[in-house]
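Remarks on the structure that follows.
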Amino acid sequence: MKPAPFAYHAPETLPEAITLLQRFESDGVDAKILAGGQSLMPMLAMRVARPEVLVDLRRLRSLDYIRAEGGTLTIGAMTPKRAAEQSALVRETQPLFHAATELVGHVGVRNRGTVGGSFAHADPASEYPAVALVLDMELKAVGPAGERTIPAADFFVTYMTTSLEATEVLTEVRLPAWTRGTGWAIQEMARRQGDLALAGVAATLRLVRGACTGVRLAAFGVNATAVRLRAAEELLEGQRPEAANFARAAAAGAGNLEEPMSCVHASSEYRRQLVEVLAKRCLAEAASRAV
Ligand SMILES: Cc1cc2nc3c(=O)[nH]c(=O)nc-3n(C[C@H](O)[C@H](O)[C@H](O)COP(=O)(O)OP(=O)(O)OC[C@H]3O[C@@H](n4cnc5c(N)ncnc54)[C@H](O)[C@@H]3O)c2cc1C
């Protein structure tokens with residue numbers, strides 16, 4: 001299918017983009033930002049989305065960067081995911097985010113799709129929102145009222161919905177300094193390599209005097225947004241890194257999930273089971289990487 005007709009703008013600067021978005025908003029025109037188009041273009045083609053106007057950010061080269069600022073890693077929203085995947089800085093300073101990036105789609109999708117686009121799109125099956133919760137990432141947005149920083153926990157509202165205003169552009173994602181010795185893991189189940197996950201789990205933990213500490217776990221692909229597995233975190237805190245403890249924590253985390261979504265590919269019960277199995281594996285893998 002072909003998209004419904006739309007007007008197209010490709011502003012040269014961020015202020016120009018925001019002025020356009022503000023104008024369309026006040027005129028009651030349904031405008032949508034276009035980044036890499038890897039999610040939006042199929043939605044237009046299937047007419048799931050029918051915006052009257054597209055505001056393409058592709059000329060905003062100033063939003064394409066990966067920088068270390070003190071311990072914080074900042075990535076511009078228009079940075080292609082493939083650039084994050086190929087960045088030694090990302091791989092060495094933020095291994096969980098790097099591993100998550102490698103799991104997103106195929107090379108072609110990562111070439112065109114942007115880092116910011118994945119966060120703004122807020123697909124519940126996306127790897128990044130779960131990683132953002134585990135790592136306490138922050139998202140920077142710029143709109144007519146200026147700039148604001150949004151903690152990941154407040155950014156993802158519900159299914160494909162974020163706390164961004166229609167007149168705001170997501171400009172940057174921020175990853176706090178990695179604590180040395182933190183073990184990490186991300187695992188998912190997809191029907192084919194490169195498909196969105198049926199379910200997945202991301203985890204970090206540290207080992208202090210032989211006990212698990214700072215345990216963070218989040219699941220994706222199961223509820224309307226990525227979700228922390230707090231029951232698992234609490235149960236494992238202070239416990240020894242042993243298979244039986246990982247199993248108990250994983251079962252508690254999966255058991256406490258809100259009713260997971262169900263579709264032709266995976267029932268609710270299957271998704272809950274996947275979370276339990278993947279959480280158990282992630283905890284063991286994260287513990288094996290913790291020093
Ligand atoms: C075959 C295939 C497999 C895929 N597999 C995965 C996968 O395994 N995991 C995964 O996470 N994703 C997957 N995706 C989705 C892909 O990662 C997209 O790149 C991503 O979801 C959107 O990024 P984009 O730059 O293409 O954004 P677009 O498609 O251009 O935009 C997506 C949405 O975000 C909004 N938006 C984009 N940028 C901004 C911004 N800076 N500020 C405000 N709003 C903005 C747009 O208005 C739109 O609503 C897959 C896609 C395909 C086609």
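Contact order, relative form, for segment 12-168: 20 percent (alpha carbon pairs under 8 Å, 6 or more residues apart, mean separation divided by residue count).
Helix-only arithmetic for the chain: the sum of -39500 (n - 2.57) across DSSP H runs with n ≥ 4, divided by the residue total, places the mean residue ellipticity at 222 nm at -10500 deg cm²/dmol. Orientation-averaged projection of segment 25-76 equals 5.3 nm² [convex hull of Cα atoms, one quarter of hull surface area].
Taking a straight Cα-Cα cut-off under 28 Å and skipping sequence neighbours fewer than 8 places away in the same chain, the lysines within cross-link reach of Lys2 are Lys32, Lys81.
Taking Ala125, Ala17, Ala77 as the candidate residues, the one with maximal mean-square fluctuation in a Gaussian network model of the chain, Cα springs under 10 Å, is Ala17. Counting beta carbons within 10 Å around each of Thr114, Thr19, Thr161 and listing the fewest first gives the order Thr161, Thr19, Thr114. The loop-placed trypsin sites (Lys or Arg not before Pro) in segment 187-291, going by DSSP, that have at most 15 neighbouring Cβ atoms within 10 Å of their Cβ come out as Arg191, Arg192, Arg209. Applying the criteria of a DSSP loop state and at most 16 other Cβ atoms within 10 Å to the chymotrypsin sites (Phe, Trp or Tyr not before Pro) of segment 19-102 yields Tyr65. Working ranking of peptides 129-137, 54-62 by packing, defined as the average number of other Cβ atoms within 10 Å per residue, highest first, is 129-137, 54-62.
Seen from every direction in turn and averaged, the convex hull around the alpha carbons of segment 169-269 projects onto 8.5 nm². Dipole of segment 115-220 computed with +1 at Lys/Arg Cβ and -1 at Asp/Glu Cβ about the Cα centre; of Val169, Ala203, Ala145, farthest Cα towards the positive end is Ala203. With respect to the chain, whose longest principal axis is taken over its alpha-carbon atoms, helix 268-289 is tilted by about 70°.
Just so you know, the averaged projected area of the alpha carbon convex hull for the chain sits at 15.1 nm². Around Ala132, with a cut-off of 12 angstrom between Cβ atoms, what is the net charge of the other residues, counting Lys and Arg +1 and Asp and Glu -1? Its environment carries a net charge of -1.
Of the residues Phe220, Phe155, the one with the fewest other Cβ atoms within 10 Å heads the list, and the complete ranking is Phe155, Phe220.
Say we join alpha carbon atoms closer than 10 Å with springs in a Gaussian network model of the chain; which of Ala141, Ala232, Ala218 then has the biggest fluctuation? Sorting by GNM fluctuation, first place goes to Ala141. As a rough guide to protection, the peptides 234-243, 196-205 ranked by mean Cβ packing within 10 Å, highest first, stand as 196-205, 234-243. Relative to the longest principal axis of the Cα atoms of the chain, the long axis of helix 14-26 makes an angle of roughly 80 degrees. Round to the nearest 0.05 the FRET efficiency obtained for Tyr8 and Glu258 when R0 = 41 Å and r is the Cβ-Cβ distance. Result of the calculation: an efficiency of 0.55.
Read the figures in this text as sums done on the coordinates, not as results from a lab. All values reported here derive from a predicted model rather than from experimental measurement. Don't worry about glycine lacking a Cβ; one is built from the backbone with ideal geometry, like all the others, and counts go over all protein chains shown.
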